[in-house]
Amino acid sequence: MKQAAGSMITFNRPDGQQIQGYLAKPQKLEGAPAIVVIQEWWGVNDQIRGVADRLAQAGYLALVPDLFRGKTTVEEEEAHHLLDGLNFGDAATQDVRGAVQYLKQHATNVGVTGFCMGGALTLLALCNIPEVSAGVVWYGFPPLEYIDASKIKAPLIGHWATQDEFFVSETVDALERKLKDANVDVEFHRYLAHHAFANETAVGPGRIARTQFDPVWSQLAWDRTLTFFGRTLWK
């Protein structure tokens, strides 16, 4: 039976400002861990809400903070504009941390996961939010100098595409070395795929030509993600 769709809620950032987010609830709420889902640069659209719904079906309380404050787009140029207007430090330390703190009121353990832009913010969140219990990064990172790996205390895994033209393999390798040199509990998985291989809307005209959904690799990455969260959050 398909899980009922979630709903928009309002929660507080650490600085007291309010922000909205999409909350998807599992069938059994009591004892369920929680996960913050961080959007791609398209905004909080049906696809990223679907990720939260998928996690809710797997037993998690999932919250997508609305980093773009209600704005969404399907155009690459507009997405660039929204991305450029986002203060990543504020998003990680206020929007995402507010989401984590909201979920901590309902769950003992809270994970964070994000895709592309959200993957970069997941790494920043792991550096800046001590309440996070685990992280899963999907094909995205900030400039590596922004990552203070010594502050990452939670385990994480990353999913990377070897044919990704936006986040190239050489930098993924450098990121992995940086994390391991700081003794972070990290495991990277690499897939013979293109950027956004887990986004089922990354196909056909009207989307970026260098992105491509791959159902086989996406399923494997999701299996690994749920196994990892099962090991790190259900305690």
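Rule-based calculations on the coordinates, nothing more; no lab input. Small disclaimer: the values here were computed from a predicted structure and weren't measured. Backbone-built Cβ (ideal geometry, glycine too); neighbour counts: all protein chains shown.
As a size descriptor, the averaged projected area of the C-alpha convex hull of the range 3-145 was calculated at 7.9 nm². For the chain, the 222 nm mean residue ellipticity estimated from helices alone, with every DSSP H stretch of n ≥ 4 adding -39500 (n - 2.57) and the total spread over all residues, rounds to -9500 deg cm²/dmol.
Among beta bridges identified by DSSP and lying wholly in the chain, the antiparallel ones come to about 30 percent. In this entry, the range 106-235 is assigned a mean projected area of 8.0 nm², taken as a quarter of its C-alpha convex hull surface. Computed extension gain for residue 180 through residue 166, at 0.36 nm per residue and net of the alpha carbon distance, reaches 2.8 nm. Net charge dipole, the range 1-96: roughly 620 debye, given to the nearest 20, about the Cα centre with Cβ charges of +1 for Lys and Arg and -1 for Asp and Glu.
Spacing of the modelled spin labels on residue 75 and residue 151, each 7 Å from Cα toward Cβ, amounts to 3.6 nm. Along the charge dipole of the chain, which of 154, 41, 108 sits closest to the positive end, that is, farthest toward it, with unit charges on the beta carbon of Lys, Arg, Asp and Glu (+1, +1, -1, -1)? It is 108.
The order of 227, 113, going from fewest to most other C-beta atoms within 10 Å of their C-beta, is 227, 113. For residue 84 and residue 47, a Förster radius of 25 Å and the Cβ-Cβ distance give a FRET efficiency of 0.70, rounded to the nearest 0.05.
Using only alpha carbon pairs under 8 Å that are at least six residues apart, calculate the relative contact order of the range 7-233 and give it in whole percent. Value for the range 7-233: 16 percent. The fewest-to-most ranking of 127, 116 by surrounding Cβ atoms within 10 Å reads 127, 116. Rounded to the nearest 20, the size of the Cβ-charge dipole of the chain about its Cα centre is 920 debye, with Lys and Arg at +1 and Asp and Glu at -1.
Hey, fewest Cβ within 10 Å first, where do 117, 8 land in order?
Lowest count first: 8, 117.
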